[in-house]
Amino acid sequence: MELKISFKKQPEKNIFILLSEVKFSSDLVSLIPQGLIKEIKNIKSQLKLNFGHSTQIINSSTAQEQQRIFIIGTKSKAKLKNNQLQLLGYKIAKTVKDAKLKKFSIITDQFTSKQLASIFAGLETGNYKFDDFISNKKKKTHKYEEVNFITQNSTKELKELLTEANYLSDSINLVKDLVNTPSLSMTPTTLETIAKQIANKSKKIKFRSFGEKEIQKNNLNLIYSVGLGSGQESKLIFLEYLNGNKKDKPIMIVGKGVTFDAGGLNLKLTNSIENMKTDMAGAATVLGFFDLLTKLDLPLNIVGIIPSVENLLGHNAYKPGDILTAYNGKTVEITNTDAEGRLILADAISYGIKEYNPTTIIDLATLTGACIVALGYTRTGLITNSNKLFKQFWNAAKKTGDTIWPLPLDKYHRDKVHGDISDYKNWTGGVMAGAIMGGAFIEKFVEKKPWVHLDIAGSSHTDSQIGQYEKGATGRPLSLLVEFLKNQIPKTTK
């Protein structure tokens, strides 16, 4: 459902007033309907303006004409970081949903337009609920339809920022929907169909894909072998957005698209397998980004690649001890069939390098449970061969509040990838640094190009609510990726 944003001077009957302390500036007073000022002042000493706390005032004599005012406590705007502003918006959204409001106004004079855009992003987060498979309409979550902003900020600037924030939120919601959807309905072919639908929205995006025959014909043996245990056809999906200088090589984004990961013959255990429909969150993030590109005009050349498989246990399933030849000619001994994500990423990256010769490679993958052990559900693990890229992602994360944490990668880890009877092995016992070892394997295939690996096993999905992220898919790290890529726009075209 598309959320409507308005800037009407006359507020809706449901009003949210954001205050950092129990006093009203003259500017704020001028924004509030005069008939309500007296009542608010009469009870202001009773307000408990803790962060995100709301106090409701009902100004009406009849239920049909009720005008509800919610006073929301905030901190000083200078002390609020982006993720705190989003959390504030999320708490407002929860109040709106509890009160079952369809429309409401936000009145404030203490936030900049950029800060209001962050609050709006939190509103969108709070308004999301995956209930596609709930048949009882009465049990579906209430969602609001329109928010009206009343502020003294420049309406033109605020409208532009909120419009962009709305676009981003819509694409984040798409990522959440894809990740939350059961694998019965979210197969490699489904991802292929969605990618084609996204490309059809914009003349600037080109789509193509390989089925299993083409995957095998092109010697993408790692992708082909991982998918052999499934009855679903594996896919290698390409999206090309060439909107920059024709002479510039593209940035390449590769998203892991394992639509269900049983672990193969190294079968996952109970309490580890139930959420493996989420193992395509990297692919979902790539699709969410290209969906956003249908609405934003970024002067960049970007290629998205999604290797998509199911990792199951069918009679053709690849086995521990198999030695496979990757697209780039290197041999890989399979020492653990549950280390499949790095295999399909390796082939996709090698093929992408030959096909597109990218300037930068970014891969996004729910690669390892070890990353959750190391960082929990709050941070994305980052491995890179470029200090420059690390700094750019670090700065982007500070701006968006989509937190990351660097993981080390040194000679010890790199050497442990080498095989005894093959060039490489996909898993090495005894090292323990599982998240790092996954990155060390992928690095063997990037051909020394500037590269960032984002392990989103914890950050893309959470088993319980953390801040503004409710149980289920979080939509991360789409906002981080967007911020990083916007900063790659040449200054001459900004």
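The values are calculated or read from the model by the stated rules, or taken from the named source; none is laboratory data. These numbers were taken from a predicted model, which means no experiment stands behind them. Reconstructed Cβ throughout: ideal geometry from the backbone, glycine too, with neighbour counts over all protein chains shown.
Right, VAL446: outside any strand (DSSP E or B) and either touching a Phe, Trp or Tyr at 6+ places or on another chain (Cβ under 8 Å) or within 24 Å of TYR327 (Cα to Cα) (or both) or not? Break it down stepwise before answering.
Working: outside any strand (DSSP E or B): yes; either touching a Phe, Trp or Tyr at 6+ places or on another chain (Cβ under 8 Å) or within 24 Å of TYR327 (Cα to Cα) (or both): yes.
Criteria met by VAL446.
Name the single residue that is surrounded by the most Cβ atoms within 10 Å (Cβ to Cβ) among those in segment 107-124 being over 21 Å from PRO477 (Cβ atoms) and touching a Ser or Thr at 6+ places or on another chain (Cβ under 8 Å). So that I can check it myself, show each step before the final result.
The initial filter retains those residues of segment 107-124 that are over 21 Å from PRO477 (Cβ atoms), namely 107-113, 115-116.
Keeping just the survivors that are touching a Ser or Thr at 6+ places or on another chain (Cβ under 8 Å) gives 107-111, 113, 116.
Working: ILE107: 19, THR108: 24, ASP109: 19, GLN110: 17, PHE111: 21, SER113: 18, LEU116: 22.
Filtering first and then ranking leaves THR108.
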The listed residue being surrounded by fewer than 17 Cβ atoms within 10 Å (Cβ to Cβ), more than 30 Å from LYS486 (Cβ to Cβ), in the same structural domain as VAL303 (by TED's automatic domain parsing) and not basic (Lys, Arg), out of GLY227, GLY231:
GLY231
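Please find, among LEU123, LEU87, the residue that is in contact with a strand residue (DSSP E or B) (Cβ under 8 Å, 6 or more places away or on another chain) and of a type in the set (A, V, I, L, M). Reasoning before the result, please.
Working: LEU87 fails: in contact with a strand residue (DSSP E or B) (Cβ under 8 Å, 6 or more places away or on another chain).
Result of the check over LEU123, LEU87: LEU123.
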Give the residues of segment 193-220 that are surrounded by 19 or more Cβ atoms within 10 Å (Cβ to Cβ) and more than 27 Å from the chain's Cα centre (by Cα), sorted by residue number.
GLU212, ILE215, LEU220
Of residues in segment 167-192 being among the polar types (S, T, N, Q) and either closer than 13 Å to ASP291 by Cα or touching a Phe, Trp or Tyr at 6+ places or on another chain (Cβ under 6 Å) (or both), the one surrounded by the most Cβ atoms within 10 Å (Cβ to Cβ):
SER171
Can you find even one residue in segment 418-438 that is among the charged types (D, E, K, R) and surrounded by fewer than 15 Cβ atoms within 10 Å (Cβ to Cβ)?
yes
Checking ASN127 against (1) under 30 Å from LYS256 (Cα atoms); (2) at pLDDT below 95; (3) surrounded by fewer than 20 Cβ atoms within 10 Å (Cβ to Cβ), only one condition comes out false. Which one?
(3)
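Within segment 126-243, which strands (runs of 3 or more DSSP E) (wholly inside it) include 3 or more residues that are touching a Gly at 6+ places or on another chain (Cβ under 8 Å)? Spell out the reasoning first.
Working: elements: 146-150, 205-210, 235-242.
Where strands (runs of 3 or more DSSP E) fall fully within segment 126-243 and carry at least 3 residues being touching a Gly at 6+ places or on another chain (Cβ under 8 Å), they are 235-242.
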Going by the structure shown, is ASP170 on the phi < 0 side of the Ramachandran plot, among the acidic types (Asp, Glu) and touching a strand residue (DSSP E or B) at 6+ places or on another chain (Cβ under 9 Å)?
no
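Being touching a helix residue (DSSP H, G or I) at 6+ places or on another chain (Cβ under 9 Å), buried (at least 24 other Cβ atoms within 10 Å of the Cβ) and at pLDDT 95 or above narrows it down to one of ALA317, ALA346, so name that one.
Numbers: ALA317 fails: buried (at least 24 other Cβ atoms within 10 Å of the Cβ).
That would be ALA346, the only listed residue that is touching a helix residue (DSSP H, G or I) at 6+ places or on another chain (Cβ under 9 Å), buried (at least 24 other Cβ atoms within 10 Å of the Cβ) and at pLDDT 95 or above.
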Name the single residue, out of those in segment 131-148 being within 23 Å of the chain's Cα centre (by Cα) and among the hydroxyl-bearing types (Ser, Thr, Tyr), that is modelled with the lowest pLDDT.
THR141
Give me the pairs: first residue in segment 88-108 and farther than 14 Å from ILE72 by Cα and in the same structural domain as LEU19 (by TED's automatic domain parsing), second residue part of a loop (DSSP other than H, G, I, E, B) and of a type outside the set (S, T, N, Q), beta-carbon distance under 6 Å, and six or more apart or on different chains, which are they?
LYS97/HIS142; LYS100/HIS142; LEU101/TYR144; LYS102/TYR144; LYS102/GLU145; LYS103/GLU12
Under 20 Å from SER171 (Cα atoms), among the polar types (S, T, N, Q) and surrounded by fewer than 21 Cβ atoms within 10 Å (Cβ to Cβ) - does that describe any residue in segment 237-255?
yes
